[in-house]
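Input: a single structure, listed below in structure tokens.
The values are calculated or read from the model by the stated rules, or taken from the named source; none is laboratory data. Only a predicted model underlies this, so the values are computations on that prediction, with no experimental measurement involved. Because the Cβ atoms are built from the backbone with ideal geometry, glycine has one as well, and the counts that use them run over all protein chains shown. Ligands, DNA and RNA are stripped out before the accessible areas are found, and what is left, the full protein with its side chains, is counted by its heavy atoms. Shrake-Rupley method; radii C 1.70, N 1.55, O 1.52, S 1.80 Å.
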Amino acid sequence: MERAVFLDRDGVINDNKRPVNQPDDLKLYPGVGDAIRRLNDDGYIVFVVTNQGGVGLGYLSVQDLENIHHYMMTELSKEGAHIHEIRACIHKPHEGCTCRKPDSGMLTDLAKKYNVDLSNSYMIGDRITDIEAGQKAGTKTIFLGEKHVDADYTTDNLEKAANWILKKESTH
Ligand SMILES: [Mg+2]
Ligand SMILES: [Zn+2]
């Protein structure tokens, strides 16, 4: 079975100080491409699972979201980083779908499609809802932020999260 790292988007890959409604709004954090590439090199499938309720609410279109993600993939590929698939929940916050985090639908669907062993996989996010989605799916969890969330590991950024995963890996 495959091992995977599921990444939240806003606040993990890119700055989330302002809403991202078009490619120009997407400000990638430094070191993100390198972190994803190192995970790829170690054999991890890397996915993005992102709540984009702004689509359902009409702040951006499905096409805008596709343009943003195309831009993101292009920029990351310049650093040799590969994201295998991006899943976005485009439903409104209270629509009752099963994909919006803290629900785990996006993670479990991808796991099924790519034959991923969730217990050997990680969910990385900057909100408690990311951590809850990971726990519900059965992954290990890494919280980016202040240490007040019940995750397996808490750190500042994706680079450090990748370091932790890869170091853990090599001690097996
Ligand atoms: Mg986030
Ligand atoms: Zn949804």
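What to note about this one:
- Among residues of segment 1-18 that are closer than 22 Å to Asn115 by Cα, those with a beta-carbon under 8 Å from a residue that is part of a loop (DSSP other than H, G, I, E, B) and of a type in the set (Lys, Arg) at least six positions away or on a different chain give the pairs Asp8/Lys101; Asp8/Arg127.
- Search result, residues across segment 146-168 that are surrounded by 14 or more Cβ atoms within 10 Å (Cβ to Cβ) and modelled with pLDDT under 95: Val149
- Of everything listed in (1) under 20 Å from Pro19 (Cβ atoms); (2) surrounded by 15 or more Cβ atoms within 10 Å (Cβ to Cβ); (3) among the aliphatic types (A, V, I, L, M), the single unmet condition for Val62 is (2).
- Candidates Ile124, Ile128: the one that is among the β-branched types (Val, Ile, Thr), more than 12 Å from ligand 2 (Cβ to nearest atom) and crowded, with 20+ Cβ neighbours inside 10 Å is Ile124.
- If you go through segment 38-87 and keep only what is farther than 14 Å from Phe6 by Cα and among the acidic types (Asp, Glu), you end up with Asp41, Asp42, Asp64, Glu66, Glu75, Glu79.
- Residue match in segment 19-27 (condition: within 13 Å of ligand 1 (Cβ to nearest atom), at pLDDT below 95, open to solvent by 40 Å² or more (accessible area, probe 1.4 Å) and part of a loop (DSSP other than H, G, I, E, B)): yes
- Check on Asn115, touching a strand residue (DSSP E or B) at 6+ places or on another chain (Cβ under 8 Å), more than 16 Å from ligand 1 (Cβ to nearest atom), open to solvent by 60 Å² or more (accessible area, probe 1.4 Å) and over 26 Å from Pro19 (Cα atoms): yes
- Those residues of segment 33-48 which are crowded, with 17+ Cβ neighbours inside 10 Å and in contact with an Asp or Glu (Cβ under 7 Å, 6 or more places away or on another chain), in sequence order: Gly33, Ala35, Arg37, Ile45, Phe47
- In the set (1) closer than 20 Å to Ile13 by Cβ; (2) within 16 Å of ligand 2 (Cβ to nearest atom), the condition left unmet by Gly80 is number (2).
- Neighbours by Cβ (under 6 Å, 6+ apart or cross-chain): first from segment 39-61, within 13 Å of ligand 1 (Cβ to nearest atom); second open to solvent by 20 Å² or more (accessible area, probe 1.4 Å): Val48/Ile86; Val49/Arg87; Thr50/Ala88; Asn51/Arg100; Gln52/Ala88; Gln52/Ile90; Gly53/Lys92; Gly53/Pro93
- Members of segment 119-134 found to be within 16 Å of ligand 1 (Cβ to nearest atom) and without any contact (Cβ under 8 Å) to a residue 60 or more places away in the chain, listed by number: Ile128, Ile131, Glu132
- Extreme residue, nearest to ligand 2 (Cβ to nearest atom), among residues of segment 83-107 that are more than 15 Å from Tyr71 (Cα to Cα) and charged (D, E, K, R): Arg100
- Test: residue in segment 151-165 that is in contact with a helix residue (DSSP H, G or I) (Cβ under 9 Å, 6 or more places away or on another chain), within 16 Å of ligand 1 (Cβ to nearest atom) and in a strand (DSSP E or B): yes
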